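A.B. asks: What follows is a structure written as structure tokens; I'll ask about it next.
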Amino acid sequence: MSVAPAGPGIPPVLAEVVRSGFVEGHHRGSLVLLAADGSVELALGDVNAPVFPRSSNKPMQAAGVLRAGLDLSGERLALAAASHSGEVFHRDLVQKMLAEHGLTAEQLLCPPDLPLDPVETETYLASGAVRDRVTMNCSGKHAAMLAVCVQRGWPLDSYLDPGHPLQRQIHTVVEEAAGEPVAAVGTDGCGAPLMAIGLTGLARAFRSFVLAAPGTAERRVADAMRAHPEYVAGTRRPDTWLMREVPGTLSKMGAEAVQAVALPDGRALAFKIDDGATRALGPVLARALRLSGVDAPVLSRIGSAPLLGGGREVGEIRATF
């Protein structure tokens, strides 16, 4: 396959939609692969232009919470860096984290939501449950943010303000990890401040986490995520599958079709699908990992994106690079 050409300022095609042998659509985007020494091995599109990494920033946010003084480890730390699926074990641990610091769900400033996982949503709604802040996929991160504010005596009702001491700490972590200044600050879907960096910076950040010295905030986050990937995502999510089946891998997706991955030797990648179509994430991720030298059965599972017609498979979304 070859990457379809793009005009000035237009990202290249990273995936195509093929139905019944006919190409009916394309997903453009930008992607960068870093070699083990940190050099750029492949760059498609403008990989230095700032993007909002969305939830791919969560490892940096969790490291900021640790640097601010909260002592988290294990499943709790993994959940602090999570876009969890809203499964029962996720919701239960969020409630425990809140209770351990004298907090309640009403103090979370993330919006009420349904489980991120569609299978879990069916069970959740059938039980008579409604949208809830704890169920929202970012609730673990918010619980950790509130907890460190309790510990430090910082304001609880403004913990999402970009000028809050915690958010200033996270801003510093993002810049240090990415090796570049934050280009813009926005508001993420959960209400938290969102720092824009380039895709190369995002890949560098993930690389820095897996290569960080043991005991540092960055390495503690990476180790917790890799040891407890089901708390980072869920039982039916590609981030979980990848971290579970390719040991030492750090992986985190973000909304609007962003993905970042680092391998234990320092190889790393980051990409964004321009139109935000998450259906293209798997095929692009699997192809990028193969180009990075990963050879594992899980890539076929991650890369599978069939198209259905009349209830049967009639096509696929496939990478074009």
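The values are calculated or read from the model by the stated rules, or taken from the named source; none is laboratory data. Given the structure is predicted, the values throughout are model-derived calculations rather than measurements. Methodologically, a virtual Cβ is constructed for each residue, glycine included, from the backbone with ideal geometry; neighbour enumeration extends over all protein chains shown. Quick note on the areas: whole protein, heavy atoms, side chains included, nothing else; ligands and nucleic acids left out. Shrake-Rupley method; radii C 1.70, N 1.55, O 1.52, S 1.80 Å.
A.B. asks: State the percentage of accessible surface on the chain attributable to carbon and sulfur atoms; use a 1.4 Å probe and exclude ligands, DNA and RNA.
C.D. replies: The value for the chain is 52 percent carbon and sulfur by accessible area.
A.B. asks: Determine the gain in length on full extension of the stretch D265-D92; use 0.36 nm per residue of separation and subtract their C-alpha separation, reporting nm with one decimal.
C.D. replies: Going from the current span to full extension adds 58.8 nm.
A.B. asks: Along the charge dipole of the chain, pointing to its positive end and built from +1/-1 on Cβ of Lys, Arg, Asp and Glu, which listed residue (H164, S208, P115) has its Cα farthest out?
C.D. replies: S208
A.B. asks: Now, a different point. Distance between the C-alpha centers of region 207-239 and region 107-129? Whole Å please.
C.D. replies: 25
A.B. asks: Which Cys residues of the chain have no other Cys Cβ less than 4.7 Å away and so no disulfide-compatible partner by this rule?
C.D. replies: So, C149.
A.B. asks: Please find the FRET efficiency linking R168 to A227, where r is the Cβ-Cβ separation and R0 is fixed at 41 Å, and quote it to the nearest 0.05.
C.D. replies: 0.90
A.B. asks: Contour minus end-to-end for V150 and R301, with contour as 0.36 nm per residue of separation and end-to-end as the Cα-Cα distance?
C.D. replies: 50.1 nm
A.B. asks: Need one number: nm distance between label points at R290 and T104, each 7 Å from Cα along Cα→Cβ, rounded to one decimal.
C.D. replies: Taking the simple label geometry, R290 and T104 are separated by 5.4 nm.
A.B. asks: Please tell me the relative contact order of the chain in percent, rounded to the nearest whole number, where contacts are Cα pairs under 8 Å and at least six residues apart.
C.D. replies: Rounded, it is 25 percent for the chain.
A.B. asks: For region 120-165, what is the accessible area per residue in Å² when the probe is 1.4 Å?
C.D. replies: Spelled out: the 1.4 Å probe surface of region 120-165, per residue, equals 44 Å².
A.B. asks: Can you give me the Kirkwood hydrodynamic radius for region 235-321, using every pair of distinct Cα atoms, in Å to one decimal?
C.D. replies: 13.4
A.B. asks: Could you compute the FRET efficiency for N48 and E316, with r as their C-beta to C-beta distance and R0 at 35 Å, rounded to 0.05?
C.D. replies: Plugging the Cβ-Cβ distance into 1/(1 + (r/R0)^6) gives 0.65.
A.B. asks: Of the peptides 67-73, 51-57, 37-43, how do they stack up when ordered by the mean number of other Cβ atoms within 10 Å, highest first?
C.D. replies: 51-57, 67-73, 37-43
A.B. asks: I've got another one for you. Helix-derived [θ] at 222 nm for the chain: sum -39500 (n - 2.57) over DSSP H runs of at least 4, divide by residue count, nearest 500?
C.D. replies: Computed mean residue ellipticity for the chain: -11000 deg cm²/dmol.
A.B. asks: Moving to a separate point now. Of all the Cα-Cα pairs you can form in region 56-123, what percent are over 15 Å apart?
C.D. replies: 60
A.B. asks: Right, something else. Give the value in nm², to one decimal: projected area of the alpha carbon convex hull of region 115-202, averaged over all directions.
C.D. replies: Taking a quarter of the hull surface, the average projection is 7.2 nm².
A.B. asks: When only Cα pairs under 8 Å and 6 or more residues apart are kept, what is the percent relative contact order across region 239-312?
C.D. replies: 23
A.B. asks: What does the charge count near L308 come to, summing +1 for each Lys or Arg and -1 for each Asp or Glu among other residues with Cβ under 14 Å from its Cβ?
C.D. replies: My count for the surroundings of L308 gives 0.
A.B. asks: Which whole-number value in Å² is the accessible area per residue of region 215-321, probe 1.4 Å?
C.D. replies: Per residue, region 215-321 has 38 Å² of solvent-accessible surface.
A.B. asks: Continuing with the same structure: Provide, in order from the shortest bin, the percent of all Cα-Cα pairs of region 1-125 in each 5 Å bin, continuing until the bin that contains the maximum pair distance.
C.D. replies: 2, 8, 11, 14, 13, 12, 12, 12, 9, 5, 2, 0
A.B. asks: What number in nm² do you get for the chain if you take the convex hull of its Cα atoms and divide its surface by four?
C.D. replies: Taking a quarter of the hull surface, the average projection is 16.3 nm².
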